[in-house]
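Just below is one structure, and these are the notes that go with it.
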Amino acid sequence: MMRGIRGATTAQKNDEKSILLETRELLKQMMLSNQLDPENVASVFISATADLTAAFPAKALREFNDWKYVPVMCMQELNVPGGLERCIRVMIHYNTTTRQQEIQHIYLNDAVSLRPDLLGK
């Protein structure tokens with residue numbers, strides 16, 4: 001069965017170093033918390049808010065050796081008034097028998113405000 005694993009973080013500023021650093025940390029925590037094997041990943045969607053233009057966040061995923069062949073797509077997040085600034089969101093589509101309630105969704109930095117109901121799960 002395929003499950004979605006969500007995550008989000010925020011970059012400190014709109015520069016390549018900050019975007020890739022925060023995306024890398026988010027992906028690393030998503031991988032470790034859910035014991036992900038890239039062979040079971042169908043695809044990864046990564047979005048960024050319109051104020052992040054200095055780098056493609058998906059570039060951070062390519063730094064993980066075993067993830068070379070995983071399809072990944074970057075896109076722009078909806079520009080909703082009052083939305084979280086400098087936000088990077090990730091959705092990993094993963095084949096697993098893990099129950100929905102057992103999936104570990106990861107929210108870092110200012111993105112913890114997006115899903116307080118999932119904190120401390």
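Read-outs throughout are calculated quantities, based only on the coordinates presented, and are distinct from any laboratory measurement. Note that this is a predicted model, so its numbers are computed, not measured. With ideal geometry, Cβ positions are generated from the backbone for all residues, glycine too; neighbour counts draw on all protein chains shown.
Odds and ends about this structure:
- Gain in span if fully extended, Met2 to Gln104, counting 0.36 nm per residue against the direct Cα distance: 35.3 nm
- Applying 0.36 nm per residue to the separation of Tyr69 and Val112 and subtracting their alpha-carbon distance, the gain on full extension is 12.5 nm.
- Global geometry of the chain, whether rounded, prolate or oblate, following the gyration tensor of its Cα atoms and the 1.5 cut on a/c: oblate
- Near Ala8, the amide H atoms lying under 5 Å from its own belong to Val90, Ile106, Tyr107, Leu108; only residues 5 or more places off or on other chains count, and H is placed 1.01 Å from N.
- Estimated from helical segments only, the mean residue ellipticity of the chain at 222 nm is -5000 deg cm²/dmol, where each DSSP H run of four or more residues counts as -39500 (n - 2.57).
- The HN-Hα couplings worked out from phi for the stretch 61-70 by the Karplus form 6.51 cos²θ - 1.76 cosθ + 1.60 (θ = phi - 60°) are 5, 5, 7, 8, 3, 6, 9, 3, 9, 6 Hz, whole numbers, x standing for Gly and Pro.
- Checking every one of the trypsin sites (Lys or Arg not before Pro) in the stretch 1-76 against DSSP loop status and a limit of 15 other Cβ atoms within 10 Å picks out Lys13, Lys68.
- Whole-Hz Karplus values for the stretch 75-80 come out as 8, 8, 5, 4, 8, 8 Hz, taken residue by residue from phi with 6.51 cos²θ - 1.76 cosθ + 1.60 and θ = phi - 60°; glycine and proline positions read x.
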